[in-house]
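Down below is the structure, laid out as structure tokens.
Laboratory data are not the source of any read-out in this text; all were calculated from the coordinates shown. As the structure is a computational prediction, the values presented were derived from the model and not from experiment. Cβ placement follows ideal geometry from the backbone for every residue including glycine, while neighbour counts extend to all protein chains displayed.
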Amino acid sequence: MSIPTLEELHALGAAQQPTYTNPAARDAAVERLRGMPPLVFAGEADQLREKLGAVARGEAFVLQGGDCAETFDGVNADNIRNKLRVLLSMAVVLTYAASVPVVKIGRMAGQYAKPRSSDTETRGDVTLPAYRGDAVNGFEFTPESRAHDPQRLLEVYHASAATLNLARAFTQGGYADLRKMHAWNSDFVRNSPVGAKYESIGNEIDKALAFMDAIGVDPDEFHTVDFYSSHEALILEYEQALTRIDQRTGDPYDVSGHFLWIGERTRQLGGAHVELLSRIANPVGIKLGPTTTPDDALAYARALNPDNTPGKLTFVTRFGAAKIRDLLPELVEKVRAAGVQVAWITDPMHGNTFATDNGYKTREFDDVIDEVRGFFEVHRALGTWPGGVHVELTGDDVTECVGGGGKLVAADLTHRYETLCDPRLNRAQSLELAFLVAEMLRE
Ligand code: PEP
Ligand code: MN
């Protein structure tokens, strides 16, 4: 397999790309990126593909989560650690409930570029380019900040390296101790208004841990965790420059992250994103929205996983709570009937976004949970495996999604609405989601 050139990719047509007005500056940034060391190793991507193979076979479950859009300002210890903690404590509950390994993947260390529904944003009588994520331009509403700057791609690289470095230290250095991570769940059960509902599963985990203590079981797995990075592979300049031939196998890997996905707005068959991700050996995902036909899904599988290797391809469905029960069955049925090996994950966020009367983009916690429930119902009815959840979350007590145990309402969104893009579940909402999904896994 060879790496397509940037020219070849652009010739195929690519949606949602920056417009760089200074080609020399763009080429210089791409050249610099080509010289940078890999952010992740091909062997790690292989490991993740193996683990996702277990998901495709119904033997493991995925938890994938993080910000809608990471920001350069957010690259600090507190922010990264809080996100890791909430993800890992969610993973404890899910592992216990699922009785299978939970594959932990951050929407982290590279999630800096955003597709937008409009190229421009208007405030009053001023119209400027839309914010496309820190990888492309700044959030500040000025012409200078909103200009597309290729130098930012280098900053994405450095921000991702710093984030990965802390994530590796946190998950491998003994800080991600299972008991400490579960202590977060216990706090949640004690302090959340709805915590009591989850007391029994919390207590069961306490007892299991106490039992293992008593008999002196203390495996390495209690002190370290395997954690992988992922982001939407959106900006061709960045992803192509970080696609390298692996010396061991001779195959191309995109070394910007372990797992890359194609978004709902860039999944054109024959387009540049599908082409680039069809050439790499990393495990890849593709978001499937309500307009996806079964034939589309089969064509994606042929393009992205021609050898039908379990774990290579993940379908991330994001239909919305109102549509999933109607639209998912036919898709799953036809994909299964064709013998396609795929891991199915639900993204219960992106089909459930709406604007409040006071002008905030939000999601209702009950809709998020309802889509996950619909996903479980459909897969259970068809005998396929509901392989995981993909969520936008943060470890902080933000107020961006309404509902949940804290019963946040639209008026509360004014307090801590910090996302620059889509609304995220806060810490308590994330833990509550984990307990609710744990219940679904045990039903
Ligand atoms: C996202 O994951 O932030 C996103 C834009 O999702 P989708 O491509 O599914 O709309
Ligand atoms: Mn989003």
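Structure values in brief
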read-out	value
Rounded to 10°, Cα long-axis angle of helix 324-337 versus longest principal axis of the chain	80
Centroid-to-centroid separation of segment 179-196 and segment 52-129 [C-alpha atoms, Å]	22
For segment 40-51, Karplus couplings with θ = phi - 60° (6.51, -1.76, 1.60), whole Hz, Gly/Pro x	10, 9, 4, x, 5, 4, 4, 4, 5, 4, 4, 5
Equivalent ellipsoid semi-axes - Cα gyration tensor, the chain, angstrom	32, 26, 23
Amide proton proximity set for residue 388, modelled H, under 5 Å, gap of 5+	62, 346
³J(HN,Hα), Karplus 6.51/-1.76/1.60, whole Hz, each residue of segment 242-258, x for Gly, Pro	9, 9, 10, 7, 6, 4, 5, 10, x, 9, x, 10, 8, 8, 7, x, 6
Set of lysines near residue 407 by C-alpha distance (under 24 Å), chain-local residues within fewer than 8 positions excluded	83, 197, 361
Phi-based couplings in Hz for segment 433-442 (Karplus 6.51, -1.76, 1.60; Gly and Pro marked x)	4, 4, 5, 5, 5, 4, 4, 5, 5, 8
The chain: angle of helix 151-172 to the longest principal axis, Cα-based, in degrees nearest 10	20
Amide H partners (placed H, <5 Å) of residue 425, local residues excluded	392, 393, 394
In degrees, nearest ten, helix 199-214 long axis to first principal axis of the chain (Cα)	80
Lone cysteines, the chain (no partner Cβ under 4.7 Å)	401
Trypsin sites (Lys or Arg not before Pro) restricted to DSSP loop in segment 389-443 with at most 16 other C-beta within 10 Å	407, 416
Among beta bridges that DSSP assigns inside the chain, antiparallel share in %, nearest 5	25
Other-chain or far-sequence residues with amide H under 5 Å of residue 138's (modelled H)	146, 147
222 nm mean residue ellipticity, helices alone, for the chain (DSSP H n ≥ 4; -39,500 (n - 2.57); rounded to 500)	-13500 deg cm²/dmol
Centroid-to-centroid separation of segment 255-324 and segment 379-443 [C-alpha atoms, Å]	24
Rounded Å value of the spacing that divides the Cα centres of segment 159-173 and segment 21-51	17
Charged-residue dipole, Cβ positions (Lys, Arg, Asp, Glu), segment 102-210 about Cα centre, Debye nearest 20	400
Those aspartates and glutamates that a straight Cα-Cα span of less than 16 Å connects to residue 114, excepting residues fewer than 8 apart in one chain	67, 70, 134, 140, 149, 155, 232, 237, 239, 264, 392, 422
